[in-house]
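Asker: Here you go, one structure.
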Amino acid sequence: MDKLVALCKRRGFIYQSADIYGGLQGVYDFGPLGVELKNNLKKSWWESMVYDNDDIEGLDSSILTNPLVLRYSGHEDTFSDPMVDCKSCNMRFRVDQVPESCKKEDLTEPRQFNLMFKTNVGPVDDGESYAYLRPETAQQIFTNFKNVVDSTSRSLPFGIAQIGKAFRNEITPRNFIFRVREFEQMELEYFVEPGKDESCHDAWVQKRLNWWEEQGVPIENIELYDVPKKELAHYSKKTVDIMYKFPHGVEELEGIANRTDFDLGSHSKKQQDLNIKANVLKNKNSNSKLAIQDDKGNWLVPFVIEPSAGVERGFLAILNEAYNVEELSDGKTRVVLKLMPHLAPVKVAVIPLKKNNNDIVQLAKKVKDELQKLGLGRIIFENTGNIGKSYRKHDEIGTPICITIDFDSLEDESITVRDRDSMDQSRMSIKDISSFVIDKFKS
Ligand code: GAP
C-alpha cells in the first residue's frame, strides 16, 4: 500500500485533500492522472450498463436529499455504527475496531452514531430546514422510479443506473481511499417481477465478476462472500459481496443485493393496496404509487437487484493489480503500471528526440494533434528531450504506447513505436499510426 500511495502522490493520481492546511481526514483529491483513470473507469461501467444493455436507463440525481427520503429508506433509524470513546487516548472507535493499546476499563459504553452528513438548507439555521448529503446513490433512483417509467414507457424487467458521489461520516476512515467519507458509487437498480429475483441476482453476480476481470482484476484475487442472515442490511433478502485481496487484506469491492420490494414499497403511497412483501414503514407523505402494471393489468411492486460498486475501491484494486516492478537486462529495475489500455490515463505519449529542433517538434505536435482527434482519451506531447526518462515516466503511469519522432522521421515519415509491456520498439509509417492506435484501444 505504501508504494501505491507514494506513486499516487508523486505522479499526480491522488492527493490528500486540503494538504496545505494539514488535510481533512478521509477525504482525497484526484490529480491530473487520477481524474483520467477515474473517468475511464466510470465510462467503462456506464458503457457496460447503459449502452450494452437495451433495458437499462441512466440517471444523474441530486446529492442534497430531502430527509423524508432517508426516513422511509430506513437510513435515519438504522444507518449507524456502534462506537466507543477511549477516556485514556480521547479517541473514538467503532466497537469492532478498538486498537489493542486501549484498555477495556477506559472504554465508554457503545453508542449508536448515525453516519449521514446533515446540512442546512436556506438562510435560516433553525434546525428544521435541513437536508442530508446522500449516503448512497440508490435512493433517488427509487424516488424517480415513476418518472422514469412514465417518460420511457418501460416494462419489467428494466434497470436504472447511476454514478455519483455519496457521503458517510465514517468513524475511522482508513487504508488510503478504501474507506473514506466522500466517495463515488456506481449503482444499478434492476427491477424484476417478484419470483424472478433469485435467478436475476445470480446472473448479476456473474456479470459483475466478468466486468471486473475486464478491468484487470483477476478472478484469482476475488472471493465471493454470501452475507449471513444476521449481517444483512435491513432491506436485503440476500447479498453477495465481491471481496478483493486489497493490499491491507480481503475486503468488499462491490455488493450485489436483493433488495426485494423494500425500497419502492417504503416510498409508495397506497401501500395497503400493493401486497408489499417487505416490512416497511407506513408512508404518510408520498404522493406517488411506485408500482407497475403487469401484462394482465395488475399492479405489482417490483423486486430490486442492486449491484453497487465503489469507484475508489475499484481504482485501488486496479492500481494494485497493475503495479509491477520488473528486473531489466541491464540489472536495473522499472516500475510499470500494466493498466488495461481503456483505463490508462494517458493513451499515447508523443516524444520528439530533440526538444530544441523545431522541425522535429512541429512534426511531433502534428502527430499528437492527429491522434487526439481520434477521441480515445488523453494524448500527451512530451517534450523533455530525454527519451529514456520519458519512457520510465510513461511506464510508471501506465501509458500503453510511446511514439518517438527523430531525424529519420523528417526524411522518410516514419516513427518509432514503443510498447509499454514488452518494451519492443518498431518502426512504422506516420500514415499508419492512427489505425495502429485505434486497433490497440478498440481490441
Ligand atoms: N446502495 C447499497 C450500498 O450503498 P454499501 O455496501 O454500503 O451498499 C456499496 O456500499 C459500495 O460502496 C461498497 O461495496 C464499496 O465499494 C463502496 N463504499 C461504501 N462505503 C465506502 C466508503 N466509506 N469509502 C469508499 N467506498 C465505500
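The values are calculated or read from the model by the stated rules, or taken from the named source; none is laboratory data. In this text the structure is predicted, and so the values were computed from the model without any measurement. Every residue, glycine among them, receives a Cβ derived from its backbone with ideal geometry; neighbour counts consider all protein chains shown.
Asker: Of (1) at pLDDT below 95; (2) not in a loop (DSSP other than H, G, I, E, B), ASN320 satisfies all except one. Which?
Answerer: So ASN320 meets the others, but not (1).
Asker: Here is a follow-up. Can you name every residue in segment 159-195 that is among the polar types (S, T, N, Q) and within 18 Å of PHE13 (Cβ to Cβ)?
Answerer: Correct list: ASN175 only.
Asker: Let me ask something else. Does VAL250 count as β-branched (Val, Ile, Thr) and without any contact (Cβ under 8 Å) to a residue 40 or more places away in the chain?
Answerer: Answer is yes for this residue.
Asker: Tell me, yes or no, whether segment 427-437 has at least one residue that is at negative phi, touching a Lys or Arg at 6+ places or on another chain (Cβ under 9 Å) and either small (Gly, Ala, Ser) or part of a strand (DSSP E or B) (or both).
Answerer: Scanning segment 427-437 turns up at least one residue that is at negative phi, touching a Lys or Arg at 6+ places or on another chain (Cβ under 9 Å) and either small (Gly, Ala, Ser) or part of a strand (DSSP E or B) (or both).
Asker: Can you work out which of the residues in segment 75-132 that are of a type in the set (Ser, Thr, Tyr) and within 22 Å of LEU281 (Cα to Cα) is surrounded by the most Cβ atoms within 10 Å (Cβ to Cβ)?
Answerer: Applying the filter and picking the extreme gives TYR132.
Asker: Report yes if some residue within segment 293-312 is basic (Lys, Arg) and within 16 Å of the ligand (Cβ to nearest atom); otherwise report no.
Answerer: no
Asker: Is it fair to say LYS282 is over 33 Å from the mean Cα position of the chain (by Cα), at pLDDT 95 or above, part of a loop (DSSP other than H, G, I, E, B) and away from the ligand (no atom under 16 Å from the Cβ)?
Answerer: yes
Asker: Let me ask you something else. Mind counting the residues in segment 352-392 that are closer than 28 Å to ILE318 by Cβ, among the charged types (D, E, K, R), assigned to a helix (DSSP H, G or I) and in contact (Cβ under 8 Å) with a residue 24 or more places away in the chain?
Answerer: Residues in segment 352-392 being closer than 28 Å to ILE318 by Cβ, among the charged types (D, E, K, R), assigned to a helix (DSSP H, G or I) and in contact (Cβ under 8 Å) with a residue 24 or more places away in the chain: 1 in total.
Asker: Is it the case that THR399 is assigned to a strand (DSSP E or B), out of contact with any Asp or Glu (no Cβ under 7 Å at 6 or more places or on another chain) and of a type outside the set (Lys, Arg)?
Answerer: Considered against the rule, which asks whether it is assigned to a strand (DSSP E or B), out of contact with any Asp or Glu (no Cβ under 7 Å at 6 or more places or on another chain) and of a type outside the set (Lys, Arg), THR399 comes out as no.
Asker: Can you list the strands (runs of 3 or more DSSP E) lying wholly within segment 156-259 that have 3 or more residues being hydrophobic (A, V, I, L, M, F, W, C) and either surrounded by 19 or more Cβ atoms within 10 Å (Cβ to Cβ) or more than 9 Å from the ligand (Cβ to nearest atom) (or both)?
Answerer: Ranges flagged: 158-167, 182-192, 238-246.
Asker: Are there any pairs, at least 6 apart or on different chains, whose C-beta atoms fall under 8 Å, with the first in segment 162-178 and under 17 Å from ALA6 (Cβ atoms) and the second among the basic types (Lys, Arg) and within 9 Å of the ligand (Cβ to nearest atom), and if so, which?
Answerer: Close Cβ pairs satisfying both conditions: ILE177/ARG313; PHE178/ARG313.
Asker: Tell me yes or no: at least one residue of segment 127-136 is touching a residue at least 12 places away in the same chain (Cβ under 8 Å), under 30 Å from VAL304 (Cα atoms), within 16 Å of the ligand (Cβ to nearest atom) and among the charged types (D, E, K, R).
Answerer: yes
Residue-by-condition table, conditions (1) farther than 26 Å from TYR132 by Cβ; (2) in contact (Cβ under 8 Å) with a residue 24 or more places away in the chain:
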residue	(1), (2)
TYR15	yes, no
GLY23	no, no
ASN39	yes, no
SER44	yes, yes
ASN53	yes, yes
SER62	no, yes
VAL69	no, yes
PHE79	no, yes
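Asker: So for segment 431-439 (the condition being free of Cβ contacts under 8 Å to residues at least 60 places away in the same chain, more than 28 Å from LEU7 (Cβ to Cβ), surrounded by fewer than 17 Cβ atoms within 10 Å (Cβ to Cβ) and among the hydroxyl-bearing types (Ser, Thr, Tyr)), does at least one residue qualify?
Answerer: So far as segment 431-439 goes, yes, one or more of its residues are free of Cβ contacts under 8 Å to residues at least 60 places away in the same chain, more than 28 Å from LEU7 (Cβ to Cβ), surrounded by fewer than 17 Cβ atoms within 10 Å (Cβ to Cβ) and among the hydroxyl-bearing types (Ser, Thr, Tyr).
Asker: Among the candidates SER62, SER17, single out the residue that is under 26 Å from the mean Cα position of the chain (by Cα), within 24 Å of VAL5 (Cβ to Cβ) and surrounded by fewer than 18 Cβ atoms within 10 Å (Cβ to Cβ).
Answerer: SER17
Asker: I would also like to ask the following. Just name the residue that is nearest to the ligand (Cβ to nearest atom) out of those in segment 144-155 that are out of contact with any Ser or Thr (no Cβ under 9 Å at 6 or more places or on another chain) and not in a helix (DSSP H, G or I).
Answerer: Ranking the candidates gives ARG154 first.
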